[in-house]
Amino acid sequence: MGDTHPRPALRADQAIRPSLNLKRKPRMKRILTVVVIALFGSALTTWAADAKTNWDDGCAKCHGADGSGNTKIGKKLSIRDLTDAAVQGQFTDDEAFKALKAGLKDKDGKTRMKPVEELSDDDIKALVQYVRSLKK
Ligand code: HEC
């Protein structure tokens with residue numbers, strides 16, 4: 001009814017589709033797999049690079065690039081050696097996350113480590129995993 005416009009697109013589509021479907025499907029699957037793997041791989045690389053950059057920029061001056069705490073400030077603040085498995089065992093991922101999110105204070109309420117302000121929760125979680133990777 002009322003539909004006066006012909007629809008060549010639809011007709012063309014119907015004409016082409018069966019043969020395309022037959023030939024393309026396995027290929028599309030392979031291409032998709034490759035794309036998915038590529039995306040996933042690059043996401044992982046970005047994650048590692050970001051966490052390392054954030055560590056080097058914001059944490060290494062106190063904790064040392066290697067996490068040993070062997071820096072001027074690290075010694076002054078008696079920062080524990082994060083490469084030491086025993087030290088890593090002294091806090092959970094959750095506690096580390098909270099320490100970064102809210103900062104750390106000593107008994108007298110004096111700030112030991114400032115809260116991380118400029119990073120998202122995901123970035124902070126990635127940093128916690130980076131800290132875990134410093135364990136020797
Ligand atoms: C001003 C120096 C300073 C900076 C900068 C700093 N920290 Fe800390 N951090 C400390 C001190 C001091 C402590 C408490 C002593 C200790 O745990 O050895 C601490 C403790 C920690 C802990 C142990 C938390 C817990 O629950 O016991 C982790 C994990 C940590 N820092 C990670 C980081 C990360 C990641 C960054 C970078 C975003 C960072 N720190 C930046 C000084 C610093």
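Derivation of every value follows stated rules applied to the coordinates shown; laboratory data play no part. The shown structure was predicted, so the numbers you read here are calculated from the model rather than taken from an experiment. Glycine also receives a Cβ, built like all others from the backbone with ideal geometry; neighbour counts cover every protein chain displayed.
Could you list, in sequence order, the residues of the range 104-117 that are within 9 Å of the ligand (Cβ to nearest atom) and either in contact with a strand residue (DSSP E or B) (Cβ under 7 Å, 6 or more places away or on another chain) or among the β-branched types (Val, Ile, Thr) (or both)?
Once the filter is applied, which keeps residues that are within 9 Å of the ligand (Cβ to nearest atom) and either in contact with a strand residue (DSSP E or B) (Cβ under 7 Å, 6 or more places away or on another chain) or among the β-branched types (Val, Ile, Thr) (or both), the range 104-117 yields 104, 106, 111, 112, 113, 116.
Yes/no matrix, rows are residues, columns are (1) free of Cβ contacts under 8 Å to residues at least 12 places away in the same chain; (2) small (Gly, Ala, Ser); (3) under 13 Å from residue 131 (Cα atoms):
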residue	(1), (2), (3)
69	no, yes, yes
73	no, no, no
77	no, no, no
98	yes, no, no
106	yes, no, no
109	yes, yes, no
115	no, no, no
119	no, no, no
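Filter the range 118-136 down to the residues that are of a type outside the set (Ser, Thr, Tyr), exposed (fewer than 13 other Cβ atoms within 10 Å of the Cβ) and more than 10 Å from the ligand (Cβ to nearest atom) and list them by number.
Those that are of a type outside the set (Ser, Thr, Tyr), exposed (fewer than 13 other Cβ atoms within 10 Å of the Cβ) and more than 10 Å from the ligand (Cβ to nearest atom): 121, 122, 136.
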